Amino acid sequence: MEKALLISVLLKSDKHHWRIEDISSELEELASSTLVEVAENVICICDRATPNYLIGKGKVEEIGFIANEEQVDVVIFSHELSGTQQRNLEKAFGKKTIDRTQLILDIFSRRAKSPEGKLQVELAQMEYLLPRLSGKGVMLSDVGGGIGTRGPGETKLELDRRQARKKIAKLREDLKNTRLHRSTMRKKRQSSHIPTVALVGYTSAGKSTLLNLLTASNQPTSEKLFTTLDPLSKSMTLANGQSIVISDTVGFLHDLPHHLIEAFKATLEEVVEADLLIHVLDISDPRMSQHNQAVLDVLEELGAKDKPILVVLNKVDLVEDRSWLELTGKDFPGAVLLSAKTGENMEALTGAISGNFSDLMLNLRVRLPHNRMELVDFFYRQAKVKKVDYLQEGVEIELEISRALFNRINKDPDVRVDSGL
């Protein structure tokens with residue numbers, strides 16, 4: 001396990017809504033997700049960035065002293081470093097120095113399991129490394145591994161720029177093919193008129209736990225950041241018989257580097273194409289308002305900010321003051337207060353989802369011959385049966401049914417639609 005010195009930086013010249021305490025706290029969470037031992041977290045508040053070191057020369061000397069005293073292996077900055085800043089800092093500290101982006105990429109490389117996920121991580125890493133391939137510093141010349149060099153980093157560091165660009169072009173082409181495959185699968189769902197729902201939210205808000213609750217799945221969950229990296233879609237049948245597909249997506253983060261979003265667009269297309277977004281917020285986190293804005297910023301960059309959004313205020317089981325819950329809920333009109341862990345208020349969520357797709361449901365009266373009684377059982381399983389009358393000439397059923405299911409059964413010559421209700 002590597003020993004790390006964390007450097008939390010707030011530049012007053014930056015336009016942001018994060019306090020230094022929140023920047024520092026999140027950097028520690030990110031570091032803990034890579035299983036490094038944190039020696040100390042140094043706070044740096046500066047008026048503006050300096051071109052050579054990002055921070056002031058005096059602070060650089062102080063950090064260098066602490067790094068040597070604590071005998072750390074790596075220095076991790078919360079703010080993205082330019083190639084020049086990174087090389088100068090490594091020279092000053094005599095230690096491998098990385099930034100928040102490299103830390104995130106390191107976590108991603110640990111989490112990616114599918115071929116698609118690994119492609120996305122490799123593309124993001126290569127695009128990050130490309131402008132840093134010349135004048136390699138401690139981090140880039142040290143092929144001994146460790147945080148910041150995991151994944152393709154070790155084997156790609158000796159590539160020249162032309163080779164790196166060729167590799168990036170190949171990765172983009174491979175991901176383009178993946179997007180075409182996803183597009184084909186999505187068109188099949190759309191042709192079946194099955195609504196799609198995408199879970200979005202800040203990392204560790206509880207999206208995977210919610211997916212498990214809604215679809216009776218058993219996907220791995222964790223309090224660590226970015227537990228879910230590879231996309232996952234599951235089907236679900238609502239109480240009214242409506243079938244939907246719910247997709248979990250990679251967690252968002254504030255100030256996500258643009259090339260990270262670009263690399264993961266194949267996955268995030270599930271967000272862009274969804275009929276409904278469920279925005280999961282951790283109501284127990286004091287940074288909830290900042291997390292909310294960070295997610296909206298990413299949705300805006302994806303062109304999905306104006307899609308129908310149902311807000312879920314998750315983890316109510318962790319909040320002791322219930323009056324505060326109601327007060328906070330008023331800031332999000334129409335939001336559902338929920339605990340994905342305990343299932344509290346699950347009915348309110350499924351009801352809200354059903355309400356969003358109510359226009360896709362039909363109220364009908366159908367008639368069946370006595371020799372097709374298996375269809376009565378079918379309607380009980382797949383639709384919402386309101387009334388059944390057993391008549392001399394057959395069976396009459398009043399039901400609420402999805403348009404997609406109606407299109408299927410309406411082709412059956414024995415099913416006669418008597419009227420719409």
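Annotation: for a label point projected 7 angstrom from Cα along Cα→Cβ of ASN52, residues of the range 72-105 with backbone N closer than 15 Å are 84-93.
Taking 0.36 nm per residue of sequence separation and subtracting the Cα-Cα distance, how much length would be gained by fully extending the chain between GLU374 and GLU40, in nm to one decimal?
Separation in residues times 0.36 nm, less the Cα-Cα distance, equals 113.4 nm.
Can you work out the PRE-style zone for LYS15? Point 7 Å along Cα to Cβ, and I want the residues of the range 25-65 with backbone N under 14 Å. Inside the label zone: nothing. Placing a pseudo-label 7 Å from each Cα along the Cα-to-Cβ vector at GLU69 and SER114 gives an inter-label distance of 4.8 nm.
If R0 is taken as 41 Å, the Cβ-Cβ distance between HIS181 and THR342 corresponds to a FRET efficiency of 0.65. Computing FRET efficiency as 1/(1 + (r/R0)^6) for LEU296 and ASN410, where r is the C-beta to C-beta distance and R0 is 45 Å, gives about 0.65. Taking all Cα pairs closer than 8 Å and separated by 6 or more residues, the relative contact order of the chain comes to 11 percent.
Rounded to the nearest 5, what % of DSSP beta bridges with both residues in the chain are antiparallel?
Working: 26 of 61 bridges.
Bridges in the chain are about 45 percent antiparallel.
Sparsely packed loop sites in the range 341-421 (the trypsin sites (Lys or Arg not before Pro) outside DSSP H, G, I, E and B with at most 15 other Cβ atoms within 10 Å) comprise LYS411. Projecting the Cα positions of LEU175, LEU6, LEU362 onto the charge dipole of the chain (unit charges on Cβ atoms of Lys, Arg, Asp and Glu, taken about the Cα centre) puts LEU175 furthest along the positive direction.
Applying the criteria of a DSSP loop state and at most 14 other Cβ atoms within 10 Å to the trypsin sites (Lys or Arg not before Pro) of the range 6-83 yields LYS12, LYS15, ARG19, ARG48.
Among DSSP bridges having both ends in the range 194-356, what percentage is antiparallel? Round to the nearest 5. Working shown, then result.
On the way: 6 of 24 bridges.
So the antiparallel bridges in the range 194-356 amount to around 25 percent.
Kindly identify the range 194-356 as rounded, prolate or oblate by the Cα gyration tensor criterion: order the square roots of the eigenvalues as a ≥ b ≥ c, call it rounded if a/c is under 1.5, otherwise compare a/b with b/c, prolate if a/b is larger, else oblate. Mind dumping the intermediate values first?
Working: a/c = 1.44, a/b = 1.10, b/c = 1.31.
It comes out rounded by the Cα gyration axes.
Here is the list for the range 335-387: GluC sites (Glu not before Pro) lying in DSSP coil, each with at most 16 other C-beta atoms within 10 angstrom of its C-beta, are GLU344.
Of the listed values (i) 23.3; (ii) 24.2; (iii) 22.1, grab the one calculated as Kirkwood radius over Cα pairs in Å from the structure here. So the calculated entry is the one marked (ii).
The percentage of C-alpha pairs in the range 1-76 whose separation is greater than 14 Å is 61%.
Mind checking which of LEU214, LEU364, LEU199 has the largest fluctuation in a GNM of the chain, springs on alpha carbons under 10 Å? Greatest mean-square fluctuation among the candidates belongs to LEU364.
Shown is the FRET efficiency for SER358 and SER235, computed with R0 = 22 Å from the Cβ-Cβ distance and rounded to the nearest 0.05: 0.70.
Summing Lys and Arg as +1 and Asp and Glu as -1 over all other residues whose Cβ lies under 12 Å from the Cβ of LEU199 gives a net charge of 0.
Among ARG287, ARG179, the order by Cβ neighbours within 10 angstrom, fewest to most, reads ARG179, ARG287.
Label zone (ARG403, point 7 Å along Cα-to-C-beta; backbone nitrogen cut-off 19 Å) within the range 307-325: 307-309.
Each reported figure results from applying straightforward, stated rules to the coordinates on display, with no laboratory input. Just so it is clear, the structure is predicted and the values come from calculations on it, not from any experiment. Cβ sites come from the backbone with ideal geometry, for glycine too, and all protein chains shown count toward neighbours.
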